[in-house]
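Shown next, in structure tokens, is the structure this report addresses.
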Amino acid sequence: AEEKTVIRVGVQAAGTLEWELTALQDDPAVKASDFQLKIEHLANAEAGKIALQSGAVDMIVSDWVWVSSLRADGADFTFYPYSNTSGALVVPENSTIHSIEDLKGKHLGIAGGELDKNWVLLQALVKKSNLNLDASVKKTFGAPPLINEQIKQNRVDAVLTYWHFAARLEAQGYRQIIDGKGILKGLGISENVPSIGYVFKQSWAENHKQAIKSFLAASKKAKNQLCVSDDAWQKIIPLTHVDDVPTQKILRQRYCEGGVEQWGDKEQQAAARIYEMLRSVSNKKLTGQSEHLQTGTFWAVK
Amino acid sequence: MLVFIAIWQALAAYFASHTLPTPAIVATVFWQSCVTGELPFHLGATLLRLVVSFSIAMLLGCALGIVLGRNKRLDAFFDNWLVIFLNVPALVTIILCYVWFGLIESAAILAVVLNKLPNVIVTIREGTRALDQDLLEMAKCYNLSKHDTLVHVIWPQLHPFVMGATRSGLALIWKIILVVELLGRSNGMGYQLHLFFQLFDVASILAYTIAFVAVIQLIELMILKPLDKKALQWRR
Amino acid sequence: MLVFIAIWQALAAYFASHTLPTPAIVATVFWQSCVTGELPFHLGATLLRLVVSFSIAMLLGCALGIVLGRNKRLDAFFDNWLVIFLNVPALVTIILCYVWFGLIESAAILAVVLNKLPNVIVTIREGTRALDQDLLEMAKCYNLSKHDTLVHVIWPQLHPFVMGATRSGLALIWKIILVVELLGRSNGMGYQLHLFFQLFDVASILAYTIAFVAVIQLIELMILKPLDKKALQWRR
Amino acid sequence: MATMSDIHINIASKFYPAIGRAGQHLAIADLTLTLKSNEFICLLGPSGCGKTTLLNIVAGLDNDYKGDIFAGQSHSLPKIGYIFQNPRLLPWRTVRENIDLVLGVQSSSAVVDGLLEVMQLTHFQHVYPERLSLGMSRRVAIIRAFAVDPDILLMDEPFVSLDAPTARQVRELLLALWNERPHNVLFVTHDLREAIALADRLIFLSAAPMSFISEIKVPIARAERHNESAIEAFRWQLLNDYPLIKTLL
Amino acid sequence: MATMSDIHINIASKFYPAIGRAGQHLAIADLTLTLKSNEFICLLGPSGCGKTTLLNIVAGLDNDYKGDIFAGQSHSLPKIGYIFQNPRLLPWRTVRENIDLVLGVQSSSAVVDGLLEVMQLTHFQHVYPERLSLGMSRRVAIIRAFAVDPDILLMDEPFVSLDAPTARQVRELLLALWNERPHNVLFVTHDLREAIALADRLIFLSAAPMSFISEIKVPIARAERHNESAIEAFRWQLLNDYPLIKTLL
Ligand SMILES: Nc1ncnc2c1ncn2[C@@H]1O[C@H](COP(=O)(O)OP(=O)(O)OP(=O)(O)O)[C@@H](O)[C@H]1O
Ligand SMILES: Nc1ncnc2c1ncn2[C@@H]1O[C@H](COP(=O)(O)OP(=O)(O)OP(=O)(O)O)[C@@H](O)[C@H]1O
Ligand SMILES: [Mg+2]
Ligand SMILES: [Mg+2]
């Protein structure tokens, strides 16, 4: 028999990729296929980026803006969509905030930092109604868990945070004002553009095309499985590290909503438009100097 | 200095990787972020926190260190606490400070102080234990006031320990402050470095690092070295 | 100790918040993670790294510190480098080590050593500068070998500095190792703590912290205290 | 300035605790002494017998002994000047600064200038102690003790390392100061000639554990004390009368 | 064991550098001395004149001077025993350990035992120096210097703080060792009687900057040296013949 291609994947602890790959390895069909998974556990996103660049793993999940800026620097990483779940703006149930315009003068907690994609896009959206969000709200940036605590202790009025942190808040009755998709829609982009995806070296991918294709397919299948089969879902529940049922439910719901159905020219062109928006609003900080989305950012599966 | 830049240039040229930009690129980035005022702003924010928390930690630490070093009973009592505080992970104190007091400036400062303080205490305590008994006896028998004994008899003997604590303390605070800013501040070097790190912008990271190291060098040259020289002029 | 737990219990009961779990909860979590072998495994991984990098840093640091403290020319030359290395952010050295050498164990150790080393050097250098000239002259005139001078004349005088460096060094390494593990290892306390932080599982964070502090306390009681006692028995 | 009355010293025992392989050491046993008001006393005893220990106790530096010391009904604490066996100068303060430190506010620079002059240290007053010879450091320590104008002056072999003319001069200075303002002096020396030249009373102490052996009033008039042969004669007489002294001292 | 030949000391100048407000200090100027092989020499000079400085130079501890020291054609470096003006014991080593350290491998415990016995320190051999009286520490320093069996023995006021009988005993020991195996001795003292009792030759040195004033051979036979009156007589003669000595010393 032919040697199986080893794919080393950097997996963030407690992330959805871990759920998916665990489900995938349960699938008997995978045993017969032409790739073999090796999972490297990593603590956070930055660790993943380091691992990928130091060659310790072949593949991680990250975002395409970063891939484009890497390519602009001459690296040959490329991107294949994984999910389009996106962060959300969440407020307490009884909050007076009902739309993004109500944010004016309020205290907003933002996960990540000023270069958080959702924050940048939210500013662009609000600008349309002639409001300078950056100047008109009181901002607190911080790590997502701390931001979550802030709103629970009523130290901020609203939070813009990553999707699974938003999901947890929702499970406790917090209200979602808008999510990443909604923001994009408001900005006139109706296509479902994936927010994160597999990132790997293009040269490596060309050499192992077949194995990667089967892997990507198997990954998709596993995701489906988690969404349709309660059995499969039950199995990975410990990996969510959540023990109350409502939160589990909403996590699963959001996760499954994030499936990537469409990925073609239209979506890629939309991505290019988003890129330019990000570039102008963040004043090139998020994207780097390059004017356009680099060609080759998205892996062309043939 | 020049040697350093030359080695760097050679390595960068050899690897030609974006993970190790050439000095020229870093210099450009440095210049640009100075011009936009971004670097001075964040550097200033961090320095302010550094000065405040450093001063608090050193003052408190020296006072407590001397007390513990001279009083065996108190020392035995607080020793365990000291080891605990010394070894509670920075991350934990920072998180707890933020959670309990909110994402505010004073929580950040408190977190830094809590991390640095035990270090100072431990160093100064060792120094106090090594004090020359002969000189202390002299002070006692000539009825020197508490103040005079502290300033003129004890302090000069602690000087090397204080300098050690200062130098490694500046470095430690700088390391901790980055984490503090990363987790819950909206400005400062830690916040910026985190952003660059997310983008994997090594050139900017290095540019900021250089700016900071330059400031510390300045502190060393303008404050610590002259202090050292003044305090040690009596040594043969 | 009991006082501590009592205060904690009182505070936890008063706030009744998940950000401050009661001692009982933490104890349960602690027990469970011991039983599953999770805690011992990660603690072991971290301790191994700690021991290795601590030993390297202390050995090298003492050697270099003594050399720099005794040789003015070398010191003037390396002083700048020292300040640079002392103040390069932990984050930067860690990232660069990983990127250049890969996500391997030795890169992690190297990163820790690079962060700790300058601290040791600086402390020991201060100690060396404060050495008693009279005793060194005695050693020279009685033709003591280099080895004897080092072991019997210099080292005992450096003892308080070495202890200071050891105590605050263990603490510092422990702080850095967490970041090192966070950024590029798949086990260890840093990895676990980050995970708990993401899940905001304060009870687990505290349980792990306590485990670590207990280990350090053990080191203090079993190794450092006896060493201290032995080395200082001559003091009146 | 406290007017001194008699000082009663009564030490039942002074132990140094055992440490390591060295056992507990009984340094002083059953020592009773009375220093009369403003008396000049010389303590003589073999090396290691416990003289420094006694001075430390009198100076209040050591409270870990059985017994008591009773210094009359002076209302304020007596001012103490102590010339230790080693100079104990602060190496980071110049000669002048070392002296000024113990003087505190009452610093009278004319007096210090005078003392520096007599001790031939005027040119060295701004020098750090590490740059002095041992004899010079000792002289600074002597100035320091004289300058505080003490009620009790404790001197632990103060004049070793001084050349003969300097020692003579310092002895004269000491006596002049003592005449000018009488105060209690406890003077430790191994030099019987020096003791005779200075003391009202010689007290001989035994080897460890230290206790009182005998005391001898010096019968030579103060005016006669600079006469070397008178001192030498009394010394011979002493050594002949008390053969014990010869073996002990 | 290197057989010593004459030692020629020729110091054109020895400066201590200026630091702070203290100017540069000329400690020794134009000093020429020849120590004959195995000679016992006493150096006498006022406090602070530069005797310790000279010993440090001879011991090779101080190379920052103009001039040279030439020690014949001995092939190996001469072994030096130096009794410093302060004891310089390592406080973290017991008495015995302090002595053993400088002996290295050649440690002969019988010799050390004997020396400890004579110095009455046998019971204190396992005691740490901080627990000794100053006189006892000095005796340890003396043992240390004797124990290495030196080719050149430098002694900087070694017998201060010793009581008379002990000092007498140590002096006898020193002479016995010196007779047994002759070696060069440079002995600094302020005590003219002691110098006469010990030396082949007395060398008088001037106040700073130190230079040679005069030298005097001690004409008393070694066998006569324990006779106190012979020494006293020579001392009087010296002080009368050289009035300068009286003012200087
Ligand atoms: N390290 C030094 N730096 C500057 N000057 C010094 C130093 N050591 C000694 N001196 C000066 O050199 C002179 C001679 O000092 P030295 O110690 O040799 O005197 P000494 O003859 O041994 O005196 P004593 O009998 O008091 O011990 C003194 O005036 C002293 O101030
Ligand atoms: N800190 C100490 N701990 C234990 N023993 C001590 C201590 N200090 C002194 N001793 C012991 O007490 C005895 C008396 O010491 P002390 O210093 O009083 O002697 P001294 O009479 O001053 O001798 P010297 O004339 O040599 O100075 C000595 O045997 C010494 O070993
Ligand atoms: Mg004494
Ligand atoms: Mg001298």
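Only one of E:GLU194, E:GLU224 is touching a helix residue (DSSP H, G or I) at 6+ places or on another chain (Cβ under 6 Å) and acidic (Asp, Glu); which?
Only one candidate passes the filter, namely E:GLU224.
Considering the stretch D:161-172 alone, what residues qualify as being at the interface with chain E (Cβ under 9 Å from one of its Cβ atoms) and more than 16 Å from ligand 2 (Cβ to nearest atom)?
Just the residues of the stretch D:161-172 that are at the interface with chain E (Cβ under 9 Å from one of its Cβ atoms), to begin with: D:161-167.
Once the filter is applied, which keeps residues that are at the interface with chain E (Cβ under 9 Å from one of its Cβ atoms) and more than 16 Å from ligand 2 (Cβ to nearest atom), the stretch D:161-172 yields D:LEU162, D:ASP163, D:ALA164, D:PRO165, D:THR166, D:ALA167.
Inside the stretch A:5-43, can you point out the residues that are of a type in the set (Gly, Ala, Ser) and under 14 Å from A:LYS223 (Cα atoms)? Walk me through it before giving the result.
Within the stretch A:5-43, the subset of a type in the set (Gly, Ala, Ser) is A:10, A:13-15, A:23, A:29, A:32-33, A:43.
Scanning the stretch A:5-43 gives A:GLY15, A:ALA23.
Please work out if A:ALA32 is over 27 Å from C:LEU178 (Cβ atoms) and without any contact (Cβ under 8 Å) to a residue 24 or more places away in the chain. Outline the logic, then answer.
Values: over 27 Å from C:LEU178 (Cβ atoms): yes; without any contact (Cβ under 8 Å) to a residue 24 or more places away in the chain: yes.
The answer is yes for A:ALA32.
Only one of C:ALA207, C:ALA203, C:ALA214 is surrounded by fewer than 18 Cβ atoms within 10 Å (Cβ to Cβ) and more than 29 Å from B:PRO160 (Cα to Cα); which? Step through it out loud before you land on a result.
On the way: C:ALA207 fails: surrounded by fewer than 18 Cβ atoms within 10 Å (Cβ to Cβ); C:ALA203 fails: surrounded by fewer than 18 Cβ atoms within 10 Å (Cβ to Cβ).
Only one candidate qualifies: C:ALA214.
Listed here are the residues, each with its yes/no results for (1) in contact (Cβ under 8 Å) with a residue 40 or more places away in the chain; (2) surrounded by fewer than 17 Cβ atoms within 10 Å (Cβ to Cβ).
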| position | (1), (2) |
| --- | --- |
| E:GLN169 | yes, yes |
| E:LEU177 | no, no |
| E:PRO182 | yes, yes |
| E:LEU202 | yes, no |
| E:SER206 | yes, no |
| E:PRO209 | yes, no |
| E:LYS217 | no, yes |
| E:PHE234 | no, no |
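Going through the stretch B:134-154 one residue at a time, which ones are assigned to a helix (DSSP H, G or I), touching a helix residue (DSSP H, G or I) at 6+ places or on another chain (Cβ under 8 Å) and more than 7 Å from every other protein chain (Cβ to nearest Cβ)?
Matches in the stretch B:134-154: B:LEU136, B:ALA139, B:THR149, B:LEU150, B:ILE154.
Report, by residue number, each residue of the stretch D:98-137 that is in contact with a helix residue (DSSP H, G or I) (Cβ under 7 Å, 6 or more places away or on another chain) and aromatic (Phe, Trp, Tyr).
D:PHE124
Only helices (runs of 4 or more DSSP H) wholly contained in the stretch D:43-134 count here; list those with 3 or more residues that are within 14 Å of chain E (Cβ to nearest Cβ) and over 21 Å from D:ARG168 (Cα atoms).
Details: elements: D:51-58, D:95-103, D:109-118.
Those helices (runs of 4 or more DSSP H) span D:51-58, D:95-103.
If E:VAL160 satisfies all but one of (1) away from ligand 1 (no atom under 16 Å from the Cβ); (2) out of contact with any strand residue (DSSP E or B) (no Cβ under 9 Å at 6 or more places or on another chain), what's the number of the condition it fails?
Result: E:VAL160 passes all but (1).
Residues checked against (1) within 14 Å of chain A (Cβ to nearest Cβ); (2) within 22 Å of the chain's Cα centre (by Cα); (3) crowded, with 20+ Cβ neighbours inside 10 Å:
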| position | (1), (2), (3) |
| --- | --- |
| C:LEU48 | no, yes, no |
| C:ALA57 | no, yes, yes |
| C:LEU60 | no, yes, no |
| C:ILE95 | yes, yes, yes |
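Just name the residue that is nearest to B:TYR98 (Cα to Cα) out of those in the stretch A:117-163 that are free of Cβ contacts under 8 Å to residues at least 40 places away in the same chain and in a strand (DSSP E or B).
If we take residues in the stretch A:117-163 being free of Cβ contacts under 8 Å to residues at least 40 places away in the same chain and in a strand (DSSP E or B), then A:GLY142 is nearest to B:TYR98 (Cα to Cα).
What single numbered condition from (1) within 12 Å of chain E (Cβ to nearest Cβ); (2) touching a helix residue (DSSP H, G or I) at 6+ places or on another chain (Cβ under 8 Å); (3) not charged (D, E, K, R) fails to hold for D:LEU177?
(1)
One residue is enough: does the stretch E:83-95 have a residue meeting the conditions of a type outside the set (S, T, N, Q), modelled with pLDDT under 90, under 18 Å from the mean Cα position of the chain (by Cα) and away from ligand 3 (no atom under 16 Å from the Cβ)? Steps first, answer last, please.
Taking the stretch E:83-95 as the starting set, the residues that turn out to be of a type outside the set (S, T, N, Q) are E:83-84, E:87-93, E:95.
Remaining after also requiring modelled with pLDDT under 90: none.
Checked the stretch E:83-95: no residue is of a type outside the set (S, T, N, Q), modelled with pLDDT under 90, under 18 Å from the mean Cα position of the chain (by Cα) and away from ligand 3 (no atom under 16 Å from the Cβ).
How about the stretch A:63-81: which of its residues are away from every other protein chain (no Cβ under 11 Å) and more than 17 Å from the chain's Cα centre (by Cα)?
Matches in the stretch A:63-81: A:ASP76 only.
Hey, can you tell me all the residues within the stretch C:100-112 that are part of a helix (DSSP H, G or I) and crowded, with 24+ Cβ neighbours inside 10 Å?
If we filter the stretch C:100-112 for residues that are part of a helix (DSSP H, G or I), which is where we start, we get C:100-101, C:105-112.
Once the filter is applied, which keeps residues that are part of a helix (DSSP H, G or I) and crowded, with 24+ Cβ neighbours inside 10 Å, the stretch C:100-112 yields C:ALA108, C:ALA111, C:VAL112.
Could you list, in sequence order, the residues of the stretch D:133-157 that are hydrophobic (A, V, I, L, M, F, W, C), within 13 Å of ligand 1 (Cβ to nearest atom) and in contact (Cβ under 8 Å) with a residue 40 or more places away in the chain?
Just the residues of the stretch D:133-157 that are hydrophobic (A, V, I, L, M, F, W, C), to begin with: D:134, D:136, D:140-143, D:145-148, D:152-155.
Those still in the list that are within 13 Å of ligand 1 (Cβ to nearest atom) too: D:134, D:136, D:140-142.
Within the stretch D:133-157, D:LEU134, D:VAL140, D:ALA141, D:ILE142 qualify.
For C:ASN119, state whether it is within 7 Å of another protein chain (Cβ to nearest Cβ), of a type outside the set (Phe, Trp, Tyr), surrounded by 23 or more Cβ atoms within 10 Å (Cβ to Cβ) and assigned to a helix (DSSP H, G or I).
yes
Whether any residue in the stretch B:122-133 is surrounded by fewer than 21 Cβ atoms within 10 Å (Cβ to Cβ), at pLDDT 90 or above and not in a loop (DSSP other than H, G, I, E, B) is what I want to check.
Taking every residue of the stretch B:122-133 in turn, at least one turns out to be surrounded by fewer than 21 Cβ atoms within 10 Å (Cβ to Cβ), at pLDDT 90 or above and not in a loop (DSSP other than H, G, I, E, B).
Only one of these conditions is not met by B:SER186: (1) within 20 Å of B:VAL51 (Cα to Cα); (2) more than 7 Å from every other protein chain (Cβ to nearest Cβ). Which number is it?
Of the numbered conditions (1) within 20 Å of B:VAL51 (Cα to Cα); (2) more than 7 Å from every other protein chain (Cβ to nearest Cβ), the odd one out for B:SER186 is (2).
Could you list, in sequence order, all residues of the stretch D:137-160 that are more than 14 Å from B:CYS141 (Cα to Cα), more than 10 Å from every other protein chain (Cβ to nearest Cβ) and within 16 Å of ligand 2 (Cβ to nearest atom)?
D:PRO158
The values are calculated or read from the model by the stated rules, or taken from the named source; none is laboratory data. Treat the numbers as computed from the prediction; the structure is a model and nothing was measured. Heads up, the Cβs are rebuilt from the backbone with ideal geometry, glycines too, and the neighbour counts pull from every protein chain shown.
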